[in-house]
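Here, each number is a calculation from the coordinates, and none is a lab measurement. Note that the structure is a prediction, hence the values are computed from the model and not measured. Using ideal geometry, Cβ is built from the backbone for each residue, glycine included, and neighbour counts are taken over all protein chains shown.
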Amino acid sequence: MDRVKIGNTFRAIRVELRLRQSDVAARAGVSQQTVSDLECGRFGTLAIGTYCRMAEVLGADVQLAPHWRGPKLDRILDRRHALLQNAAVELLTRFGWEVRTEFSFNRYGDRGSVDILGWQPNRCALLIVEIKTEIVSLEETLRVLDMKRRVVPIVARLERGWLPLCVANVLVLPDASTHRRLVERHASLVSASLPERTWAVRHWLAEPSGPLRGVLFLANTDTGGTKPKVPPSRRVRVARYAPTGPHLVGSAQIRAQNRR
């Protein structure tokens with residue numbers, strides 16, 4: 001990470017917007033010295049949340065994506081994405097949905113790809129599924145989902161002849177503590193765009209009726225590095241006494257007789 005370049009970028013944007021360091025500091029809720037340190041590349045101990053707030057004041061996007069061993073990371077992410085997508089397809093198939101994967105669209109500059117597009121002709125229900133194994137920017141993810149909710153039903157009608165009476169937007173995340181904490185930490189932001197959660201989403205998938213926007217936590221065969229919960233071992237106490245009486249059998253009875 002080139003901290004000097006990042007600092008120069010922040011300063012260049014601020015100057016272009018004709019803002020003072022004190023202006024950025026006031027809007028981001030930090031001190032002017034913090035803004036100065038950032039622009040000088042001295043932000044090694046700066047909290048990520050503070051960094052993002054300062055970028056938001058300038059209207060700048062923040063991408064905090066780790067890089068690891070070149071293409072190997074891409075292969076790992078692709079595998080996890082494929083596993084989660086496959087689990088979602090299996091669930092939808094059980095509920096009787098017609099499924100299209102990687103549905104591409106381009107309408108007046110709004111373009112992209114839907115991970116899973118579902119259709120139920122009996123209910124005239126359209127399902128738009130976004131699969132995410134890692135979320136770099138939650139705001140960007142929600143923005144793209146909102147765009148797809150506006151555009152994809154139109155494209156589905158024009159290209160497929162589907163006339164949906166109800167549309168659902170579902171963000172599928174791995175059922176892992178990391179992703180659940182992310183949603184809980186940004187509960188207000190997520191709920192504003194995707195108010196429903198797993199139980200309500202599953203119920204809608206079984207019996208679609210009316211619009212739905214929600215988050216579905218879904219397990220797959222890849223733990224993504226998390227360790228499965230193993231129940232603690234239990235010790236069995238062995239009685240330490242010499243058995244006596246007519247109920248003795250086998251070696252225990254022989255040892256008892258020899259001690260007499």
Whole-Hz ³J(HN,Hα) for each residue in the stretch 175-189, computed from phi via Karplus 6.51 cos²θ - 1.76 cosθ + 1.60 with θ = phi - 60°, x for glycine and proline: what do you get? 7, 10, 4, 4, 6, 5, 5, 4, 5, 5, 5, 10, 4, 5, 5
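With Cβ to Cβ distances under 10 Å as the rule, what net charge do the other residues near Asp61 carry (K, R +1; D, E -1)?
Within the 10 Å Cβ shell, the charges total -3.
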Report the local net charge at Asn122: Lys and Arg +1, Asp and Glu -1, summed over other residues whose C-beta lies under 15 Å from its C-beta. -1
Looking at the stretch 1-53, which trypsin sites (Lys or Arg not before Pro) are in a loop (DSSP not H, G, I, E or B) and have at most 10 other Cβ atoms within 10 Å? Arg18
Once Lys and Arg are counted +1 and Asp and Glu -1 for all other residues with Cβ under 12 Å from that of Asp146, the total becomes +1
Could you list Ile128, Ile154 in order of exposure, starting from the residue whose Cβ has the fewest other Cβ atoms within 10 Å? Ile154, Ile128
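If you count the DSSP beta bridges with both ends in the stretch 71-218, what percent of them are antiparallel, to the nearest 5?
Among the beta bridges of the stretch 71-218, antiparallel pairing accounts for roughly 50 percent.
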